[in-house]
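Following: one structure in structure tokens, then a few remarks.
The values are calculated or read from the model by the stated rules, or taken from the named source; none is laboratory data. Keep in mind that what you see is a predicted model, and the values were worked out from it rather than measured. Cβ coordinates were reconstructed from backbone atoms using ideal geometry, including for glycine residues, and neighbour counts include every protein chain displayed.
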Amino acid sequence: MKQTILKVIPFFLTLAVCACEAGGGTGETSGFNSVTDAVLKERDTPTAAVTAVTDETSSTDETHLPAENIWGFAGAVNMSITLNTQEYYENGDIVEIPYFEYTGEKNEVIDSINRLFNQGLQMRYEEFDERRSSYETMEIKTYPFTDEQYSQVVVSSVIYNFNPDYTWAGELQSVNYDKLNNKWIQFSDLGIDENNIIDEVSRLYMQENKNDVIDGVKVTGFLLRPQNGSIAEFTEILLEITVNGGNDVSFYSYCSGTDEFFLFEPSKAVPFSHNDMDRMDPPLLYDTIDEGEGYMPITDGIIYTGSVYKINHGNNMSPYEAASGLYYRLFHEDYIYSGENRVFIQCVDLVEIDGLKCYSFSVSGYFGNDSDITYAVSWNYDNQSVYEVSGGVSRIIGSILDLGSAKAYWE
């Protein structure tokens, strides 16, 4: 079932997924940042019109000004970053496909960009959806950046497979448009020696991964980063690194000016800083996440902050459903939300207790404590046992079924 709302998206947060098994990607990728990749096909009417919006308290000298605020900038093309498709599915699929909206006379450059979005992303998802197995999900996530001169998007497109082992394959790409010069910028336009970048990135990678053998390093995109609201910028380069005979693929970000080099985790909810990205209306996935807290409210003040691991629960309870049931089983009668006494519940593991597979939850905030106590909930709809776990010893508390189905609480 498709959802067009933004709040309840089961099992969408995972952390540090960068190897073929338990930490990396696998499979070939193809380029995205290229004018010649734009197949000639006109774009359909957007399923969701999404534009950047201004925080009323924001200063106009911010480096990530929403697009409509720069329309009066001398010589700039009147355009804004929107979305052609914005859909979230209960099976875990995330589809955020960008579109560059503009006014005025026909703009062949922007039209080419939009054809690429349609062919390279929209059709990719439709083809996946037609052939998918029950063990696969796909996430296409968009990160927009707007300033006085540039409209840029970074898009991660990843397929996750859960059978027999957890693996993923995908792409990390960018589109970079210069509004002042009506130009779709390619990496070759930047005057950066790609070979030097590859050599430097290889050196930095091997410092941290001494036992790996690098098979290839490829530039897949970039971001032009304005400084202090001006046109002067540094370049953040996005890369794909393949190691160990092509079995492990990871994405990285590198800034040559600062020598910053860090892992780009496509499964992570917010790989960029909130402060750098546009605020969209309705919000994109990253903007539904309250940085440092979480993003899926169970009820007022009770927030499910996601799962440390991406869990394929099949026909069993999702981590979110189990967390909801845990709240109503343990805390419901003793909790009155005052505006400050929030509770945060996170799924930290999948464990086995009494022969039952259970989600392990940490609880912090108002009901948190300094001990090592965690809680576990059986993911079986017919059981739903709740355990208190301390020092490796579990103690059954009861069952969510004592209060009725957990499913009823979140529907």
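Numbers for the structure displayed
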quantity	calculated
Residue check, residue 109 in the same structural domain as residue 157 (by TED's automatic domain parsing), under 26 Å from residue 315 (Cα atoms), at pLDDT 90 or above and aliphatic (A, V, I, L, M)	no
Flag for residue 176 being more than 15 Å from the chain's Cα centre (by Cα), assigned to a strand (DSSP E or B) and of a type outside the set (D, E, K, R)	yes
Which numbered condition residue 261 misses (of (1) modelled with pLDDT of 85 or more; (2) buried (at least 22 other Cβ atoms within 10 Å of the Cβ); (3) aromatic (Phe, Trp, Tyr))	(2)
Qualifying positions in region 113-133 - part of a loop (DSSP other than H, G, I, E, B) and within 17 Å of residue 88 (Cα to Cα)	132
All positions within region 360-382 that are farther than 21 Å from residue 301 by Cβ and either part of a strand (DSSP E or B) or at pLDDT 90 or above (or both)	360, 376, 378, 379, 380
Flag if residue 117 is at pLDDT 90 or above, surrounded by 21 or more Cβ atoms within 10 Å (Cβ to Cβ) and assigned by TED's automatic domain parsing to the domain that holds residue 178	yes
Verdict on residue 168 being more than 30 Å from residue 107 (Cα to Cα) and part of a strand (DSSP E or B)	yes
Residue 179 crowded, with 23+ Cβ neighbours inside 10 Å, in the same structural domain as residue 216 (by TED's automatic domain parsing), touching a residue at least 60 places away in the same chain (Cβ under 8 Å) and in contact with an Asp or Glu (Cβ under 9 Å, 6 or more places away or on another chain)	yes
In region 125-151, residue modelled with the lowest pLDDT [restricted to those that are under 30 Å from residue 316 (Cβ atoms) and either surrounded by 18 or more Cβ atoms within 10 Å (Cβ to Cβ) or touching a Phe, Trp or Tyr at 6+ places or on another chain (Cβ under 7 Å) (or both)]	135
